[in-house]
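What follows is calculated from the coordinates using simple rules that are stated; it is not laboratory data. If you're wondering where the values come from, they're calculated on a predicted model, not measured in any experiment. All Cβ positions, glycine included, derive from the backbone under ideal geometry; neighbour counts span all protein chains shown.
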Amino acid sequence: MNILDVLVTQRKLKRKELLPVLVEAIKNNEYIEPIDILKDSNGRYIIENGHHRATAYVISGRDKLEDYEYNVLYADSERPVFGSIKDLMDRTNGK
């Protein structure tokens, strides 16, 4: 799955201090808990749980997630979204 195409449900990352630890773990091929991604009724993929992990993958130079790095859950209702992972990163770094 292309992580850059997945939408986010958070305006900003609340715990940016986690990012260096996650990036290092990714680079060392350590286990990272899978990201929970919702597929909504419109076919959009939206991060439900794992915004920091998804951001760490992008920071580490990745734009794709392997099948074992995420779980797809199905939602029957719409979720508010705040853009892409890049938008989240821009908003987080802007302040």
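Some notes on this structure:
- For Gly50, net neighbour charge (Lys/Arg +1, Asp/Glu -1) across residues whose Cβ lies under 12 Å away: -3
- Using only Cα coordinates, the Kirkwood hydrodynamic radius of the chain works out to 13.4 Å.
- Segment Glu78..Ser60, full-extension length gain: 3.4 nm, with 0.36 nm per residue of separation and the alpha-carbon distance subtracted.
- Label positions at Arg44 and Tyr68, each projected 7 Å from the Cα along the C-beta direction, are separated by 3.2 nm.
- Relative exposure of Tyr57, Tyr45, Tyr68, judged by other C-beta atoms within 10 Å (fewest first): Tyr68, Tyr45, Tyr57
- Computed lengthening from Met1 to Glu17, 0.36 nm per intervening residue step minus Cα-Cα distance: 3.2 nm
- Subtracting the Cα-Cα distance of Asn93 and Asp36 from their residue separation scaled by 0.36 nm leaves 18.2 nm.
- In this structure, the amide hydrogen of Asn71, modeled 1.01 Å from its nitrogen in the peptide plane, lies closer than 5 angstrom to those of Ile35, Asp36, Ile37, counting only residues at least 5 positions away or on a different chain.
- Ascending count of other beta-carbon atoms within 10 Å, so fewest first, for Leu7, Leu88: Leu7, Leu88
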